[in-house]
1. Considering each residue of the stretch 94-109, count those that are surrounded by fewer than 14 Cβ atoms within 10 Å (Cβ to Cβ) and at pLDDT below 90, and give that number.
2. Any chance the stretch 12-26 includes a residue that's modelled with pLDDT of 60 or more, surrounded by 13 or more Cβ atoms within 10 Å (Cβ to Cβ) and part of a strand (DSSP E or B)?
3. Please enumerate the residues belonging to the stretch 67-82 that are modelled with pLDDT under 75 and either closer than 20 Å to Gly160 by Cα or not small (Gly, Ala, Ser) (or both).
4. Cβ-Cβ distance below 9 Å, separation of 6 or more or different chains: which pairs start in the stretch 126-150 with a residue that is closer than 19 Å to Asn27 by Cβ and end on one that is basic (Lys, Arg) and surrounded by fewer than 15 Cβ atoms within 10 Å (Cβ to Cβ)?
5. Quick test for you: out of Phe91, Phe74, pick the one residue that is under 16 Å from Thr63 (Cα atoms) and among the aromatic types (Phe, Trp, Tyr).
6. Only residues that are under 11 Å from Lys92 (Cα atoms) and either touching a residue at least 60 places away in the same chain (Cβ under 8 Å) or not aromatic (Phe, Trp, Tyr) (or both): list them for the stretch 57-76, please.
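The values are calculated or read from the model by the stated rules, or taken from the named source; none is laboratory data. Computed from a predicted structure; not experimentally measured. Positions of Cβ are backbone-derived with ideal geometry, glycine not excepted, and every protein chain shown enters the neighbour counts.
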Amino acid sequence: MPRLIITIFIFFIAISNSYSQYSEPENYTSIGLQIGFFNFSSGERHKGAPTIRPSFHQKYSRTFTLVADITFCFVKNGDSYSTQNILALGFKFKPKQNEGFYLKPGVGLLFAESSDDRYIPTLDFGIGHEFSISSKFDLFAEAEGYLVFPYGFAYSVSAGTKFKFK
């Protein structure tokens, strides 16, 4: 499993470096914070829960950004809460340079707090829109779907802000 994660990470870095060479450069780093809602689409036990998602963004060009984020989800089980965290690595791709709409494919790991503390791979796909407020701040909204192997499908909707280090 660790080899698969390292291979996928290297794959994303290779794609980002090769793609950024063929488009107009616009390099900067930013950090973001989102709040939202997470839910599994199957199973009676999962009723959805609020999430907090800090993220790291490395923008390589006007159309391509590498993104790493971790979703902290607190699920109520009876009288107690458990966590389900997703560590994801992906990229944002804007089909048109000057629009805020983007696609966000990626891969991740679901860390399910249970009796056996499992690490479950996920395949992620999202869409979002960024709204530039100033040269340092953006607001954005996202909707993401997670294919959680072999348990089914989960989804999340969130909104947040990011700070650019230019």
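1. Looking only at that region, the number is 5.
2. Scanning the stretch 12-26, I find at least one residue that is modelled with pLDDT of 60 or more, surrounded by 13 or more Cβ atoms within 10 Å (Cβ to Cβ) and part of a strand (DSSP E or B), so the answer is yes.
3. Answer for the stretch 67-82, where residues must be modelled with pLDDT under 75 and either closer than 20 Å to Gly160 by Cα or not small (Gly, Ala, Ser) (or both): Val75, Lys76, Asn77, Asp79, Tyr81.
4. Here the result reads Ser135/Lys166; Lys136/Lys166, each pair linking the stretch 126-150 to a residue that is basic (Lys, Arg) and surrounded by fewer than 15 Cβ atoms within 10 Å (Cβ to Cβ).
5. None of the others qualify; the one that does is Phe91.
6. Of everything in the stretch 57-76, those that are under 11 Å from Lys92 (Cα atoms) and either touching a residue at least 60 places away in the same chain (Cβ under 8 Å) or not aromatic (Phe, Trp, Tyr) (or both) turn out to be His57, Gln58, Lys59, Ser61, Arg62, Thr63, Thr65, Leu66, Val67, Ala68.
Matching residues to (1) in a strand (DSSP E or B); (2) of a type in the set (A, V, I, L, M, F, W, C); (3) surrounded by fewer than 18 Cβ atoms within 10 Å (Cβ to Cβ):
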site	(1), (2), (3)
Phe72	yes, yes, yes
Gln84	yes, no, no
Glu142	yes, no, no
Pro150	no, no, yes
Ser158	yes, no, no
